[in-house]
Structures are given as structure tokens and as C-alpha cells.
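Okay, so here's the structure we're looking at.
The values are calculated or read from the model by the stated rules, or taken from the named source; none is laboratory data. Since the structure is predicted, the reported quantities are computational estimates derived from the model, not experimental observations. Don't worry about glycine lacking a Cβ; one is built from the backbone with ideal geometry, like all the others, and counts go over all protein chains shown.
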Amino acid sequence: MIRVEHVSHWFGPLHVLRDVSFTVPAGEIFGFIGPNGAGKTTTLRMIATLLEPHDGRVLVDGIDCVDEPARVREVLGFMPDNFGVYERVTIREYLEFFAAAHDLPRSTRARTVDAVMELTDLGELRDRLVRALSKGMKQRLAIARTLLHDPKVLVLDEPANGLDPRARIEMRDLIEELQRLGKTILLSSHILTELSDMCTSVAILEKGRLVASGDVGAIGEQLHPERGVRVRLYAPPEDALELLRAAPAVLAAERDPDGAYELTYRGGDEAIADIVAHCVARGLRVVRVEPDRNDLERIFLEVTKGELQ
Ligand SMILES: Nc1ncnc2c1ncn2[C@@H]1O[C@H](COP(=O)(O)OP(=O)(O)O)[C@@H](O)[C@H]1O
Ligand SMILES: [Mg+2]
């Protein structure tokens, strides 16, 4: 849905993006991660047709951002990192203004604004002045604004920045709801943990270079050929540990004080399936299998080798 192909960019002598390529498949929540100054905003502005790459190209829904920016804007909603909001209007007035700016037909404008307020949980606050909103509400209002023309693709620059934990959970729920509605969502963050429970795929940018991109599990697998899985057995026999150690792909096994078995194995999901089959074939009664999450945190630390905070 979004393709960034060999993009480079300079600000004067400063080479801010170096041959950056990644693809955001349709329907994903895709995280664009990197420390401040890495070049995230610059990249997102190119996708949003606000900046032209000096080299390479950017496509949204197959449309070239430089050749046909107006068509790209029809399918794309962009929330910049420091969006300005008019403070002295109500939420409803604010959204109606932008609905008009988007040239939505007068007859459907009110309905669209209602629907968007409903979706972003701002309906109850419709008559509240924008200046009286909390940071989390303002952030939701900014997202509401990007939804007015019902874009397929949402590009959100640091949507969770500065939110307290509760507002962040609400933000995550909203983003997941938007995904269920069929939107493709690209969001950036300089704080890894803001994204780790939301994204299915990521691209990690550091000093203008892409250091990793793709499915979170796949990146994890590449970087961690050895992984862990917890197996809980019903009434384990005395030789359970030996049987587990003999399972395919298993490198080591220990019994936890709480009775579960911690296995270290090499491989991906198929290895786990083989381990379970091995257990069942030997009469071990498997109650629960919990693979370690290859979470973003570990991937991030691995890929950036401690250069980032
Ligand atoms: N308009 C600009 N003019 C000059 N330098 C800029 C401009 N915008 C960004 N930069 C520089 O480009 C680099 C990348 O910035 P940016 O894309 O905002 O990074 P991020 O969003 O990852 O924090 C930074 O070193 C920043 O100072
Ligand atoms: Mg930025």
C-alpha cells in the first residue's frame, strides 16, 4: 500500500536519508521507529506529498507521490507531529471546518463529522472548546481530522508522543479499531515501547539508514535463531525433562519451580509444532505452550547495538 523505494534526501550538506526502502502492506499497523533526528518525519512528509525526495520514489496505493500528489492526498490522511489546532473553537466546529476544507458535500458533512467523533470517542465532548482538551483528546482530535475524507491510508507522526499510559491505551484501541475498518496505518515513534504492542511490522531507521524492516516475528527470528518456549504438562512423568530434551530443535530444557518447562530451541513456528508433536507421540499431555515473544524491544536493542536510548 505504501512503497518507499531507494529514497535519499539532503538538507543542504546534511544527508538525512540514505537509500531507504520499505513496503507497508495493505491492512497493517506498521511502526516506523528510530531516535530523534533519524529522518522519520522527513520520510513521512514525503509519503504525505509535502516534500519531494532527491532520489528514489514513493508510491501510495500505486500512485507516485511526486507525479500525482493530489490523487495521493485523496487516499491518505496525515497527522503531522506538531499539528496546530485552533484553540477557540469547539470540537464540532473544528471538524466541520476541516470537512468543508476537504470539500465534503454539504449534505453529508454533519453526518461524517458525527461518525468521526463517534469513532474517536469525542462525541460526548463535541461542544467543548479545543483549548480545554487534554493532550490525549487533542491527539484523538488530530486523528479525527485525518479521517474526514475516509482515507485508506493513515500516516501518523508520533501519535503517542507525550501521552500518559491511559491515553496511550485509548490511542492503541483507536488505531486497532481503524485497522479493523480496513485502513493501512503507518505510525512513527522515537520510543520503542510505545509501539511494541500495536505493530505487526516495523522499519527501524537510524541516522538516515534503514537497519531492519519487515514482520516483527521474522526480524526476531533472523536475529534470534535461538528462542525460548514454556511448556506446561498435565501430570508430567518423571522422565518428562529427558523426553523434552530429546525433542527436535530443542537445545536445552529446564524445569521451573512452578512446574513449567523452559525449552530453548532453534527455529520458527514450525519447530514449536514439531516439539508439540514429539511430546504427544511420547505420551506427554500438553496443557499450554507459550513461545517467548520476539518483542520489538529485543529486536531494537539487537539491531541498534545500544547506539540508541
Ligand atoms: N527543513 C529542514 N532543514 C534542515 N534540516 C532539517 C529539516 N528538517 C529536518 N532536518 C534535519 O534532518 C534530520 C532528520 O530529521 P527528522 O526527519 O525530523 O527526524 P525524526 O523525525 O526521525 O526525528 C535531523 O538532523 C534534522 O535536524
Ligand atoms: Mg520526527
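Note on the range 24-56: residues that are of a type in the set (Gly, Ala, Ser) and buried (at least 22 other Cβ atoms within 10 Å of the Cβ) amount to 5.
Give Val276, Val286 a once-over and let me know the one that is assigned to a strand (DSSP E or B) and among the aliphatic types (A, V, I, L, M). Every option except Val286 fails the conditions.
Might you check whether a residue that is more than 16 Å from ligand 1 (Cβ to nearest atom) and polar (S, T, N, Q) occurs anywhere in the range 148-170? Don't jump to the end; show me each part of the working.
Narrowing the range 148-170 to residues more than 16 Å from ligand 1 (Cβ to nearest atom): 148-154, 163-170.
Next, only the ones that are polar (S, T, N, Q) stay: none.
The answer is no; no qualifying residue exists.
In this entry, Leu181 passes the filter for residues that are within 23 Å of the chain's Cα centre (by Cα) and over 30 Å from Ala38 (Cα atoms).
Checking each residue in the range 51-81 for being more than 22 Å from the chain's Cα centre (by Cα) and aliphatic (A, V, I, L, M) picks out Leu51, Ile63, Val66, Ala70. Within the range 82-96, can you find the residues that are more than 24 Å from Leu187 (Cα to Cα) and either within 25 Å of the chain's Cα centre (by Cα) or surrounded by 15 or more Cβ atoms within 10 Å (Cβ to Cβ) (or both)? Listed by number, the residues that qualify are Val89, Thr90, Arg92, Glu93, Glu96.
Residues of the range 180-207 that are crowded, with 17+ Cβ neighbours inside 10 Å and more than 16 Å from ligand 1 (Cβ to nearest atom): Lys183, Thr184, Ile185, Ser196, Met198, Cys199, Ser201.
May I ask you to say which residue of Ala203, Ala212, Ala144 is in contact with a Ser or Thr (Cβ under 6 Å, 6 or more places away or on another chain), part of a strand (DSSP E or B), in the same structural domain as Ala70 (by TED's automatic domain parsing) and of a type outside the set (Lys, Arg)? Sole residue among the options that is in contact with a Ser or Thr (Cβ under 6 Å, 6 or more places away or on another chain), part of a strand (DSSP E or B), in the same structural domain as Ala70 (by TED's automatic domain parsing) and of a type outside the set (Lys, Arg): Ala203.
Filtered by the rule that a residue be at pLDDT 90 or above and surrounded by fewer than 18 Cβ atoms within 10 Å (Cβ to Cβ), the range 150-171 gives Asp150, Lys152. Screening the candidates Arg145, Arg140 for the property of being charged (D, E, K, R), in contact with a Phe, Trp or Tyr (Cβ under 7 Å, 6 or more places away or on another chain) and buried (at least 18 other Cβ atoms within 10 Å of the Cβ) yields one hit, Arg145.
With the condition kept exactly as written, say whether any residue in the range 166-187 is basic (Lys, Arg), closer than 30 Å to Tyr261 by Cβ and not in a helix (DSSP H, G or I). The answer is no, given that none of the residues of the range 166-187 is basic (Lys, Arg), closer than 30 Å to Tyr261 by Cβ and not in a helix (DSSP H, G or I). If you go through the range 74-102 and keep only what is free of Cβ contacts under 8 Å to residues at least 12 places away in the same chain and either outside the structural domain of Pro151 (by TED's automatic domain parsing) or under 18 Å from Ala48 (Cβ atoms) (or both), you end up with Asn82, Gly84, Ala101.
In summary, strands (runs of 3 or more DSSP E) completely within the range 1-115 and bearing 1 or more residues that are more than 28 Å from Gly136 (Cβ to Cβ) and away from ligand 2 (no atom under 16 Å from the Cβ) occur at 2-11, 14-24, 55-60.
Does Gly62 satisfy the condition of being away from ligand 1 (no atom under 16 Å from the Cβ) and either outside the structural domain of Lys135 (by TED's automatic domain parsing) or surrounded by fewer than 19 Cβ atoms within 10 Å (Cβ to Cβ) (or both)?
On the way: away from ligand 1 (no atom under 16 Å from the Cβ): yes; either outside the structural domain of Lys135 (by TED's automatic domain parsing) or surrounded by fewer than 19 Cβ atoms within 10 Å (Cβ to Cβ) (or both): yes.
So Gly62 fits the description; yes.
Among the candidates Arg71, Arg57, Arg45, single out the residue that is within 16 Å of ligand 1 (Cβ to nearest atom) and either free of Cβ contacts under 8 Å to residues at least 60 places away in the same chain or small (Gly, Ala, Ser) (or both).
Values: Arg71 fails: within 16 Å of ligand 1 (Cβ to nearest atom); Arg57 fails: within 16 Å of ligand 1 (Cβ to nearest atom).
Every option except Arg45 fails the conditions.
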